[in-house]
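Colleague: Please see the structure below; I have some questions.
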Amino acid sequence: MIWGVSGNAAGELMNITFLLNGETVALCDVDPTRTVLDWLREERGLKGTKEGCNEGDCGACTIILTHESDSQKAASAVNACIMLLPQLQGKAVRTIEGVQSAQGDLHPIQNAVIEHHASQCGFCTPGIVNSLVAAHMRGATDHDDVLAGNLCRCTGYAPIIKAANAAQAENVPEWLADIPDNLNITPNSCAPENADELAEWYMNNPHATLVAGATDVGLWLTKKLVEPRQIGFLNRCTDLQQIIERENDIWIGSGVTIDQVQRAVKARYPGFSGMLRYFASTQIRATASLGGNIANGSPIADTPPILIALGARLSLRRGDKRRVILIEDFYIEYGRQNLQAGEFIEGIIIPHQPDGLKVYKISKRFDQDISSVLGALNIIEKDGKVQAARIAFGGMAGVPKRAKAVETALIGRDWNRQTVEDAQTVFSHDFIPLTDVRASAEYRIEVAQNMLLRVWLESHGQTVSVREVTP
Amino acid sequence: MSVKAPLPHDTAGLHVAGSARYIDDIPVPANCLHLAFGLSNEARGVITGADLSAVRAAPGVITVLKATDLPHENDVSAAAHDEPLLAQGEVFYHGQPIFLVVATSHLAARKAARLANITISKRPAIITIDEALSANSRFEGEALVWNNGDAETALNTAPRNVEGSIEIGGQEHFYLESQAALAQPQENGDMLINSSTQHPTEIQHKVAEALGKPMHSVRVESRRMGGGFGGKESQGNALAVACAVAASQTGQPCKMRYDRDDDMVITGKRHDFRINYRAGFTKDGKILGVEFVHYARCGWAADLSLPVADRAMLHADNAYYVPAMRIESHRLKTNTTSATAYRGFGGPQGMLGMERVMDHIAHELKLDPAELRQRNFYASQKDTGPKQRTHYNQKVTDFELHEMLERLTDTAQYAARKKAVSDWNANNDILKKGLAFSPLKFGISFTLSHLNQAGALVHIYQDGSVHLNHGGTEMGQGLNQKIAQVAASEFGLPMERIRITATDTAKVPNTSATAASSGSDLNGMAVKNACNKLKKRIIRILSNHWETTQSDVIFTDGMVQIGHHSMSFDAAARLAYESRVSLSATGFYRTPKLSWDRLKGRGRPFYYFAYGAAITEVVIDTLTGENRILRTDILHDAGTSLNPALDIGQVEGAYVQGAGWLTMEELVWDTSGRLQTHAPSTYKIPTCADRPDVFNVALWPGENRENTIYRSKAVGEPPFMLGISAFLALSDAIAACGEIYPALDAPATPERILKAVNRVRLG
């Protein structure tokens, strides 16, 4: 009889080394599909990390990840429930048990949570504390942003914010200093160390599922209960995590996390980075990769319409062969991408251009929600006329899709309300959206049309977002 | 005195350190087994085949149980005996448990549960309110009707009328800890159950039935829940019974916790309602009569639907004196999960019906909605005239909303902001603001009168430390802290001398659910009763010791003083012990003055009323329906608060939960009865940024006129209904887009708001 069956191993068993609450942990024969949450709770008996939803939406399982000192990533809050053990390779992890000192001194945030009555049932509290502790280490004080991935059903959040404000000026306790630089790591062949190794390995294992952040694949494991035949881990490929500003474009490695993208595009395309603030949650953005958001082919992924509107290209690699395609040509139809066996996205190339980009994400809830419609409208006006327009939408078709009829109706016309209203009438040429749990087809088309009007109003100085209104 | 002090939650220190233990955190023996249900994938049908061979053969599976394998009762219902643990021949909703997998791990059990080959011959499923009406599918045979006065004549003779209808969506509890239970076999066939439940006695009762044992063979412990909100009043029965049966058959400990999606699919939620209304009123807005028709979608089994629908009827007046009212309540039986208790227990739906009427009348007469409401309020408790009666004939003697409204409109600067909102709307075409006031009056007591009782067990040890138990359960509301404050105040002890441990059916028997906001009212009084018994015994000992009379005894600051004599409490305890006096006492309490006939709808179901008032300001985007709460001001009546910090926490949390119910929280079933919003990816509860930007919450400084524990008032459910003000503010913002009444339905998602905006703009 087997005790503690946790799924059949997907491919080879792995060797993983990391710091856990300050101590080195070296594991052999790790099932690559084992989640960090399951391991922490069932193997290590660290029960402070809670399972609330098992899909990265509630934050009860939030743990703190510290990266290698050369990775240019600060401490991150991440969801343990959809993170796989091999992703911890070479990192340092703090669970709630390691947030207080070995002598039992509480972190200033823990004290503030008590003093400000910021816990009621207490089940979300370890995750909330960890999100706030990680933010405190990074010096982040936009607590609404920090906590967008932590649900609390009891408090109404007001006391949690009071606690966060009260503790933000305190020093980071010295016992939290983790530097996972001198770990003795045994490489695993299914976790290549660079893009060349990955290319070779993937050619030999073309049926493997590639995992960067596991924020999507994690759900296949925890919810669909699928057992992938083999997993290839990208987290060790540091060359895929680079962002390179070049003369005519910016090159973003496919393994770059969304929060890094957010910072990288902030100066050139504030509309892009502004939207990424509402891409899932802090935890997911610290883990999910840009390449993953593109490659999974979802019609409701948030970055592809933006990248289409920016005319971005994908650099695809298969073995030693590379090809570059427009991202809009990557999406063939629902569930089908322009990608061959053994081929993967190496990088995303965004050409430099004047910024005319507006991005609007519509969902039932502002934070941590899947878009009903995401509109990326890149409209360049010159001398009162529309000089150029690249417009793309998510949630309006089986793939992220460009609105070519709308673009045609705009280009060369005077940039006025009449033009906008005329262009609104041709949306139905570009899109026949679906009705689903998030929104009806009628709502989707109306909101998409109204986004164009919103761009026009915004270009005339009107306040168009309820988020900008103060009491 | 520790009562009235704003002390933190008693286990806040454990919460922040991650060391507070929930069911899944309890250390278990290595041979503990894990359970998962196999679920129906049809909403209604006859099971024609169940091939479980692949399930049995799956890795880690120990055994698989079907209905026919159950040794005794196959029932986990609260009362009606209509809810089998495992489907017996037929299925009645999508997600109904059909078989039970017992395996060596949680994941192994979940994986195996999906391998069954169940064939179901489909039958026509009744999913919606309209389908239930056309099939006449209902509980109680027919609609329940209450008449007070002659509503029809009042409506026909009234100078003005409005009529309409509102759809009110249900709500998923989304307690952060999903349902969980652990059963550990004891010697002699007894069973120890740890359950995340608001109702340990019901768990004990159902487990005993399922094992064919008397209740004394089953002990249920509940230390804490990771949230309850009504969702753990009856919905934990299935897990506890499953664990007990499997533990009894295997002889091994058995644990079950629902994966979140399973939890959302299997368990009950708030009832969704449709309320039709017709109201007659004078030209200055005085209501003369109202007719309501309530349609409650109850799901496939009775569960608590009848008292929920009753409470909706009981709150159809909200805070207003209605001279003539008729309510017809339809309790519809559908092939959806059995709707259950949820904070407010039908009260919010009934109240929203009346607030819709008020809103509609104010719009019709172009009167200020707060002013109109005040005109219709019950008479103030200070009013010397004869007391007005509710539509169910209970006198309203403690009404304080006139004074609360005046205070709140003043502190929230209602009039000035009303003008500012109107100016904003005149100058902005795209973004519109709305401002709304809503009051609440909520009846406190279980409407099934016999439940209004509680017990306690208090021990003083020979070192003077105190240990106690009571019948209430801790789900985050801070009940144990409030109760400990009562005991500490009674004994004059510092808080650290009081310890409360897990709620345990072996310590306090025959408990009622911790529900109906009753936790501190009932259990606080029971503990006080026990403390008083013990104090009397100590006083007798000390009087003998000092040969003095028993007058003027004071328990304070850890000392007991009689006249000029004084002794530490600890020494007094020691003296009592050595004098061979029992230092253990039970306490008991029953709520007085109740009498209620639910079929006639007459009597006094409530001991008293709790009151509250809120003003909410919102902004909407008329291009997308996106919306946000900008500011909320609340004044809430918790009587003389036992702990103002915990009470304000209840108010803030309840408001956000109530606003979530009426805005972003949308449950969607497809036409075949499958719940499509079965995870937090699709079902959205408020996040941090959804709380009001400005959030002012104050407690009303009034004491309960009834003799409750330290004159406090219940606070768990009432403030939930303050969230109605957010919904009304959205309606107000939409109304600014044109002339006609928006007739907004709930939940007011961006899509519904945009639709209403378009309707109003078209006129």
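The values are calculated or read from the model by the stated rules, or taken from the named source; none is laboratory data. Everything numeric here is computed off the predicted structure, so don't read it as measured data. Glycine also receives a Cβ, built like all others from the backbone with ideal geometry; neighbour counts cover every protein chain displayed.
Colleague: Can you tell me which residue within the stretch B:89-117, out of those that are small (Gly, Ala, Ser) and more than 14 Å from chain A (Cβ to nearest Cβ), is nearest to the chain's Cα centre (by Cα)? Show your work before the answer.
Modeller: First, the residues of the stretch B:89-117 that are small (Gly, Ala, Ser): B:89, B:95, B:103, B:105, B:108-109, B:112-113, B:116.
Still in the list and also more than 14 Å from chain A (Cβ to nearest Cβ): B:89, B:95.
On the way: B:GLY89: 33, B:GLY95: 24 Å.
Applying the filter and picking the extreme gives B:GLY95.
Colleague: Next up: Does the stretch B:558-565 contain any residue that is out of contact with any strand residue (DSSP E or B) (no Cβ under 8 Å at 6 or more places or on another chain), within 19 Å of B:VAL458 (Cβ to Cβ) and free of Cβ contacts under 8 Å to residues at least 60 places away in the same chain? Full working, then the answer.
Modeller: Applying the first criterion (out of contact with any strand residue (DSSP E or B) (no Cβ under 8 Å at 6 or more places or on another chain)) to the stretch B:558-565 yields B:563-565.
Imposing the further condition that a residue be within 19 Å of B:VAL458 (Cβ to Cβ) reduces the set to none.
No, the stretch B:558-565 contains no residue that is out of contact with any strand residue (DSSP E or B) (no Cβ under 8 Å at 6 or more places or on another chain), within 19 Å of B:VAL458 (Cβ to Cβ) and free of Cβ contacts under 8 Å to residues at least 60 places away in the same chain.
Colleague: If I filter the stretch B:476-505 down to residues being in a strand (DSSP E or B) and buried (at least 24 other Cβ atoms within 10 Å of the Cβ), which single residue comes out as nearest to the other protein chains (Cβ to nearest Cβ)? Step through it out loud before you land on a result.
Modeller: Quick first cut of the stretch B:476-505, residues in a strand (DSSP E or B) only: B:498-500, B:503-504.
With buried (at least 24 other Cβ atoms within 10 Å of the Cβ) added as a condition, the list becomes B:498, B:503.
Values: B:ILE498: 18, B:THR503: 15 Å.
Filtering first and then ranking leaves B:THR503.
Colleague: Taking B:GLU364, is it surrounded by fewer than 24 Cβ atoms within 10 Å (Cβ to Cβ), in a strand (DSSP E or B) and not small (Gly, Ala, Ser)?
Modeller: Numbers: surrounded by fewer than 24 Cβ atoms within 10 Å (Cβ to Cβ): yes; in a strand (DSSP E or B): no; not small (Gly, Ala, Ser): yes.
No, not satisfied.
Colleague: Given the conditions (1) modelled with pLDDT of 95 or more; (2) within 14 Å of another protein chain (Cβ to nearest Cβ), and given that A:PRO471 satisfies all but one, which numbered condition is not satisfied?
Modeller: (1)
Colleague: Just to be sure I understand, how many residues within the stretch A:42-78 are closer than 20 Å to A:GLN100 by Cα, outside any loop (DSSP other than H, G, I, E, B) and within 13 Å of chain B (Cβ to nearest Cβ)?
Modeller: Summing the residues that are closer than 20 Å to A:GLN100 by Cα, outside any loop (DSSP other than H, G, I, E, B) and within 13 Å of chain B (Cβ to nearest Cβ) in the stretch A:42-78 gives 3.
Colleague: Give me the helices (runs of 4 or more DSSP H) completely within the stretch A:352-462, filtered to those with at least 2 residues that are of a type in the set (Ser, Thr, Tyr) and either under 25 Å from A:ALA301 (Cβ atoms) or within 14 Å of chain B (Cβ to nearest Cβ) (or both), ordered by residue number. Please lay out each step first, then the result.
Modeller: On the way: elements: A:404-410, A:417-424, A:427-430, A:441-459.
Output list reads A:441-459.
Colleague: Within the stretch A:108-166, which residues are in contact (Cβ under 8 Å) with a residue 60 or more places away in the chain, over 20 Å from the mean Cα position of the chain (by Cα) and under 25 Å from B:THR632 (Cβ atoms)?
Modeller: Residue satisfying the conditions is A:CYS124 alone.
Colleague: When you scan the stretch A:1-41, how many residues do you find that are at the interface with chain B (Cβ under 8 Å from one of its Cβ atoms), out of contact with any Phe, Trp or Tyr (no Cβ under 9 Å at 6 or more places or on another chain) and at pLDDT below 95?
Modeller: 7
Colleague: Which of the residues that make up the stretch A:170-188 are buried (at least 17 other Cβ atoms within 10 Å of the Cβ), out of contact with any Pro (no Cβ under 8 Å at 6 or more places or on another chain) and farther than 21 Å from A:ALA26 by Cα?
Modeller: Result: A:TRP175, single match.
Colleague: Which of the residues that make up the stretch B:182-214 are more than 27 Å from the chain's Cα centre (by Cα), in a helix (DSSP H, G or I) and either closer than 13 Å to B:PRO509 by Cβ or among the polar types (S, T, N, Q) (or both)?
Modeller: Listed by number, the list holds a single entry, B:ASN188.
Colleague: On to the next question. Of all the residues that make up the stretch A:198-249, how many are surrounded by 18 or more Cβ atoms within 10 Å (Cβ to Cβ) and at positive phi?
Modeller: Here the count works out to 1.
Colleague: In this structure, does B:GLU167 turn out to be of a type outside the set (Gly, Ala, Ser) and either farther than 25 Å from B:SER731 by Cα or not in a strand (DSSP E or B) (or both)?
Modeller: Details: of a type outside the set (Gly, Ala, Ser): yes; either farther than 25 Å from B:SER731 by Cα or not in a strand (DSSP E or B) (or both): no.
Considered against the rule, which asks whether it is of a type outside the set (Gly, Ala, Ser) and either farther than 25 Å from B:SER731 by Cα or not in a strand (DSSP E or B) (or both), B:GLU167 comes out as no.
Colleague: Looking at the stretch A:108-148, which of its residues are part of a loop (DSSP other than H, G, I, E, B), over 18 Å from B:LEU7 (Cα atoms) and facing chain B (nearest Cβ under 9 Å)?
Modeller: Of the stretch A:108-148, the ones part of a loop (DSSP other than H, G, I, E, B) are A:116-124, A:139-142, A:147-148.
Checking which are over 18 Å from B:LEU7 (Cα atoms) leaves us with A:123-124, A:139-142, A:147-148.
Once the filter is applied, which keeps residues that are part of a loop (DSSP other than H, G, I, E, B), over 18 Å from B:LEU7 (Cα atoms) and facing chain B (nearest Cβ under 9 Å), the stretch A:108-148 yields A:PHE123, A:CYS124, A:LEU147, A:ALA148.
Colleague: So which of B:GLY141, B:GLY149 is out of contact with any Ser or Thr (no Cβ under 8 Å at 6 or more places or on another chain), more than 14 Å from chain A (Cβ to nearest Cβ), free of Cβ contacts under 8 Å to residues at least 60 places away in the same chain and at positive phi? Before you say what the answer is, go through the steps one by one.
Modeller: Details: B:GLY149 fails: free of Cβ contacts under 8 Å to residues at least 60 places away in the same chain.
After applying the criteria, what remains is B:GLY141.
Colleague: Then there is this: Do you know which of the residues in the stretch B:647-696 that are over 21 Å from the mean Cα position of the chain (by Cα), more than 8 Å from chain A (Cβ to nearest Cβ) and outside any loop (DSSP other than H, G, I, E, B) is farthest from B:GLY268 (Cα to Cα)?
Modeller: Result: B:ASN696.
Colleague: Of these, B:LYS111, B:LYS66, which one is among the basic types (Lys, Arg) and touching a strand residue (DSSP E or B) at 6+ places or on another chain (Cβ under 7 Å)? Talk me through it step by step, then tell me what you get.
Modeller: On the way: B:LYS111 fails: touching a strand residue (DSSP E or B) at 6+ places or on another chain (Cβ under 7 Å).
Being among the basic types (Lys, Arg) and touching a strand residue (DSSP E or B) at 6+ places or on another chain (Cβ under 7 Å) holds for just one of B:LYS111, B:LYS66, which is B:LYS66.
Colleague: Among what's in the stretch B:6-58 and is more than 30 Å from B:ALA484 (Cα to Cα) and polar (S, T, N, Q), pick the residue that is farthest from the other protein chains (Cβ to nearest Cβ). Explain how you work it out, then say what you get.
Modeller: Looking only at the stretch B:6-58, we keep the residues that are more than 30 Å from B:ALA484 (Cα to Cα), and these are B:29-58.
Pick out the ones that are also polar (S, T, N, Q) and you get B:31, B:40-41, B:48, B:53.
On the way: B:ASN31: 8, B:SER40: 18, B:ASN41: 15, B:THR48: 26, B:SER53: 18 Å.
Of everything passing the filter in the stretch B:6-58, B:THR48 is farthest from the other protein chains (Cβ to nearest Cβ).
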